[in-house]
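Heads up, the thing below is written out as structure tokens.
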């Protein structure tokens, strides 16, 4: 797992999780999206790889780390401007 990538989701307060259902659903959506990204982009849909989800609550904060085994390499350090006429398309919206 030496090339693993870590996607951290951080939330201001653990107490917020006890709040309205909408906040819990937002958390569920964020973690689900991070896991899907880890499977698709990090592990390149390789069924032999794993995705780890680690939750840490400390001093009123909640951090959720989604870690893949990183076959796609490290995240880019700089973003290149798209080529004229190129359009991004995604099936998820």
Complete set of residues in segment 40-55 that are on the phi < 0 side of the Ramachandran plot and out of contact with any strand residue (DSSP E or B) (no Cβ under 6 Å at 6 or more places or on another chain):
40, 41, 46, 47, 48, 49, 50
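Search segment 40-67 for residues being without any contact (Cβ under 8 Å) to a residue 24 or more places away in the chain and part of a loop (DSSP other than H, G, I, E, B), and hand back the single one that is nearest to residue 26 (Cα to Cα).
Only one residue tops the list, namely 59.
Any read-out appearing in this document is the output of simple, stated calculations on the displayed coordinates, not a laboratory observation. Remember, it's a predicted structure, so these values are computed and weren't measured experimentally. Because the Cβ atoms are built from the backbone with ideal geometry, glycine has one as well, and the counts that use them run over all protein chains shown.
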